[in-house]
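Worksheet: the structure to be examined is printed underneath.
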Amino acid sequence: MSITRRDLCLSLRAALLPAVLRPEGVAAQEESMPSAMYPFEALPIRTPNNAEIRDVLKGKLATGESLEVHETTLPPGGAPHAAHHHVHSEMWLIREGTVELTVNGTSYRLGAGSVGFVRSNDQHGIKNVGTAPATYFVVAVGPGAGS
């Protein structure tokens, strides 16, 4: 059986038509993280470098960005890792305690309710400078977030 140019064109048109008719962003929406809830008591705990970390979520947004969220509790004097930099941006939401967030060599003291933000490729580190445990959420957005 031979296929004509006309049959080939009709087959391609039929194969491509659903993608063409799909509203903009639907494909990304279908591949993105679904709406979800994350009860605190259900979050698994890991403990690197004496930090208590609860991974909350990790995935892609419908707009294509990678997103990762976790909660960290540091003991007094604790730091999760050495200062570093990466392509994604990060935001810290301080829940309790007092931390020192250092960005490109400048240190900032942040207490409960404070927010810190570091853009892509800025050198940064965080340390608990208080006398009690410090707990904060990290929200990472962009390429490589959560990897």
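Throughout, read-outs are computed from the coordinates displayed, never taken from laboratory work. Because the structure is predicted, anything quoted here is derived from the model rather than measured. Reconstructed Cβ throughout: ideal geometry from the backbone, glycine too, with neighbour counts over all protein chains shown.
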Within segment 82-99, identify whether any single residue is over 30 Å from Ser35 (Cα atoms) and touching a Phe, Trp or Tyr at 6+ places or on another chain (Cβ under 7 Å), and answer yes or no. yes
What tally of residues in segment 56-78 results from selecting those that are farther than 17 Å from Gly142 by Cα and either among the acidic types (Asp, Glu) or surrounded by 17 or more Cβ atoms within 10 Å (Cβ to Cβ) (or both)? 5
From the set of residues in segment 87-126 that are under 20 Å from the mean Cα position of the chain (by Cα) and charged (D, E, K, R), which is nearest to Thr72 (Cα to Cα)? Arg95
Segment 86-103: number of residues that are over 21 Å from Ala132 (Cβ atoms) and touching a strand residue (DSSP E or B) at 6+ places or on another chain (Cβ under 7 Å): 5
Please report, ordered by residue number, the strands (runs of 3 or more DSSP E) entirely within segment 47-147 with at least 3 residues that are of a type in the set (D, E, K, R) and touching a residue at least 24 places away in the same chain (Cβ under 8 Å). 89-96
